[in-house]
Amino acid sequence: LAGGEDSMVVLWTVPSSLRRVVAQMNGGIKAVAFAPDGRYMAAGDKQGRVTAWNADTCEGIGSTSVEGDVLSLAMASSPDLVAVGTTANKVVLLSLPRMGRVADLLHEGQIRSVSFSHDGSLLAGAGLGLCQRGGCSSRQVLVWQAGSVPSHWGLVGAIPSPGSARAVAFSPCGQLLALGGQDSAVHIVSARLSSSRTSKLPCAAPVRCIAWSTDSLHLASGGEDARVTVWDVAGERMLFQLPRAKGWICSVAFGVDSSSLAMCGLSSTEVSVYPVDLHPSAADKKVVVNDEVRIHDIVKSEDEVKVEDEVNGDDDVKVYDKAASSGKSEDDVDVDEDVDVTISRGGSSCFASPLHITVEDTNVGVKLELEQADLRRPRPPSQAERLQIHKWEESRKLSVSAPRTMAPCIERATACLAHDCDVLGLTFDPEDELLVGTQCAALMRWELKTQQLRVEAIRLRMVVAVACSPSGEYLAATDGRRVYVWRRSSSQEVGHIEVEHKALSLAMASGKPDLLAVGTASGSVQLVSVPDMRTIATVQHGGTIRSLSFSADGSLLAAGGGTDPFCGLMSHKPEESQMKTVVWQFSSPTDGVTLLTSVPAPDIVHAAAFSPSGDVLAIAGEFNAVDILLVGSDFQRRSELPCTAGVRCLAWSAESQFLASGGEDMQITVWDVFAETALFQLPKTSDWVRCVVFSCDSRWLASCGYGSSVVHLHPVDVHGGTSGALTRLPSRVSSRGSQGTEPAMEPEEGSPCTVSPEGGSDT
């Protein structure tokens, strides 16, 4: 059910896109609603008119006017009621089918969103008062006790909102209440306000709409970031995001079986319906329903949504109900060849719906059985899900030696390593010593096991960046003007070089010879051999070099960056900003350096990191995502890990399966790259995260923040699988250029793409 500015209420049948005009109202439609039992539907317009219809026949059953403009609607089936949120700072309750007024519930602000609990016993209203310089006059969500007569209605309580509340929704199980608004977060509270415990799901921008899945396990939110985000409520983590829309998201709704998700945006004339799978992997097919007007609200009815499954093949997936007769299938859809899946679901709970899955592969005789775990705690991917992920990865030439997952370790405590001044850089050496660069001219070396300083600090003017060679033989640090190299075993200085422009980033590779890469603010990368400290080549990126990374064998060097003279104040930066990641290939000092590819980015790139296996390059920055590029497929963009804010740092685990990101959301998120899902988030810090790095055995995760003198050591564990890393794939390829990257160019002799080994100057 949808309504738009042409004053028409339209009923769509999905996915056939059959369109039926229900009625023409007096003004633009601001809200629509379906009754939970599917018998009635209603709509409200800008003129304060509310009309209800029989959902089966689309015949009008009543209409009435309310004070002010209609902003929101909600319906209950026991008793049959319509709640109307208005600009008159009150909720008007109407009875069905006569549309008689039951009660007026007063609020301090305009009612932007209303929601009934599943049994109709509670009603929540989110208010938004007049906003001036001092803020908004109302930031509360009020909850009322419902009833069929005015005397039964009463205020249960008020929920203060950190920002102006724009969206409120009771979970179908009736135990939870979700709130969203201007504070860029979704808050989950007890529906009856019986508990003070709350959960907070951080979003990238203010939230304007929310919707629950039927099983109350998942929540969709949309708003001013122009994206719909789907959350695992029990695990308090993001599952996935739908593609970015052209404008703010104004309404979102799940289908009755939660297999589809509908959304519409401001200034848009279409409703988009996505088939979704609320497991770690989500379908990305899109069915677009076109209309000639801008859509303001959409609600899916119980019988109107059926979306074709995304898998195709020869066999069937049979869905059985335990309560039904044995062997009677409710639905048949196609799946991959020679794989039969049987799913049965029963029971009801706010947090867990018992699920039993049997997967049988007739080719290899593998049979897997799973009983769904308690979803009150974040759970690792199930065995069936791992099998699906494994097959999915194999089709993309990427595989893991055995199923495994990562989680915080509860047996070891988090450690805090305090320093005298702000920490600016971190790295682990192969012996699991932690190197810490500080603002007060000291390079500290911490013993990880004892968490004590191992040797005397190395003194510099200031330590801007640090690096360690993979072999562990050399250490490097820079104060911005000079780059120093020491032998790790003796802390004896090998040598140093002067940098014409400010050095911002370092990277080292081990080989013959060992290499040191220095990224500068001028957009150049200086490649230096170690220990003779001779400049082999200088290559150009074009923008400020903010991150450098060598591949495991030292043959590839990636530089991410971009120039931002406005310090983040401009959201749309010009092409001259050089927002990209450039990859060069280094064969030997005599062959020089060759440009392989340039990967453009929508915003400044702050982090670029090759996986230890050499198969994947991860890049991230101010575009609120981590892009995963396949090295062996011409740096084709394989996936995108959506983040709630800009990313400042990345770190790979030794297995090349887990990736840690941190940045402007002040949290470290650990991702399973194969499953494309966030496994967990560490506690929020007081400021942006500057650096994050895994220890060599993947048992510790070190981090530091802006304006902080403390390094946090977080214990983590890898569960399942066997020792060993990813299956190594060839890291060198003969040609470059693919979708998502700029075409590779064959360098001409003497061109800037080829650097002579004798040339120490910029070419």
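Answer rounded, prolate or oblate for segment 510-563, using the Cα gyration tensor with square roots of eigenvalues a ≥ b ≥ c: rounded when a/c is under 1.5, else prolate when a/b is larger than b/c, else oblate. Can you show the working numbers first?
Details: a/c = 2.83, a/b = 1.59, b/c = 1.78.
Note, shape of segment 510-563 comes out oblate.
Solvent exposure of C440, expressed as accessible area, is near 50 Å², computed with a probe of 1.4 Å over the protein chains only. Measuring only protein heavy atoms, the 1.4 Å probe finds H496 accessible over about 80 Å².
Each residue was assigned an accessible area with a 1.4 Å probe, and for R412 the value is about 50 Å².
Placing unit charges on C-beta atoms (Lys and Arg positive, Asp and Glu negative, everything else neutral), compute the dipole magnitude of segment 626-720 about its Cα centre in debye, rounded to 20.
Rounded to the nearest 20 debye, it is 200 debye.
Distance between the C-alpha centres of segment 192-264 and segment 414-450: 39 Å, rounded to the whole angstrom. Counting only protein chain heavy atoms and rolling a 1.4 Å probe, the accessible areas of L201, L679 rank, largest first, as L679, L201. Checking every one of the trypsin sites (Lys or Arg not before Pro) in segment 207-269 against DSSP loop status and a limit of 10 other Cβ atoms within 10 Å picks out K246.
In terms of the Cα gyration tensor, with a ≥ b ≥ c the square roots of its eigenvalues, is segment 184-263 rounded because a/c is under 1.5, prolate because a/b exceeds b/c, or oblate? All intermediate terms of the calculation are to be shown ahead of the outcome.
Details: a/c = 1.95, a/b = 1.35, b/c = 1.44.
It comes out oblate by the Cα gyration axes.
Electrostatic tally near C440: other residues with Cβ closer than 14 Å to its Cβ, Lys and Arg +1, Asp and Glu -1, net -1. How would segment 561-688 be classified by its alpha-carbon gyration tensor: rounded, prolate or oblate, with rounded meaning a/c under 1.5 and the a/b versus b/c comparison settling the rest? Oblate, since a/c reaches 1.5 and b/c is not below a/b.
Could you sort D422, D479 by their accessible area in this structure, using a 1.4 Å probe and putting the largest first?
Working: D422 45, D479 10 Å².
Most to least solvent-accessible, the answer reads D422, D479.
Projected onto its three principal axes, the C-alpha set of segment 1-65 covers 32, 24, 17 Å, listed from the longest axis down.
Would you mind calculating the gained length between A158 and T450 on full extension (0.36 nm times residue separation, minus the Cα-Cα distance), in nm to one decimal? List each step's numbers first, then the result.
On the way: separation 292, 0.36 × 292 = 105.12 nm, distance 5.02 nm.
Residue separation times 0.36 nm, minus the Cα-Cα distance, leaves 100.1 nm.
Please list D627, D104 in order of solvent-accessible area, largest first, computed with a 1.4 Å probe with all protein chains present. Kindly include the intermediate steps, with their values, before the conclusion.
Working: D627 10, D104 60 Å².
Output order, biggest surface exposure first: D104, D627.
For V710 and T590, the FRET efficiency from 1/(1 + (r/R0)^6), where r spans their Cβ atoms and R0 equals 56 Å, is about 0.75.
The values are calculated or read from the model by the stated rules, or taken from the named source; none is laboratory data. All figures in this text were calculated on a predicted structure; none of them were measured in a lab. So basically every Cβ, Gly included, is an ideal-geometry build from the backbone, and we count neighbours across all protein chains shown. Calculation scope for accessible area: heavy atoms of the full protein, side chains included, ligands and nucleic acids excluded. Shrake-Rupley method; radii C 1.70, N 1.55, O 1.52, S 1.80 Å.
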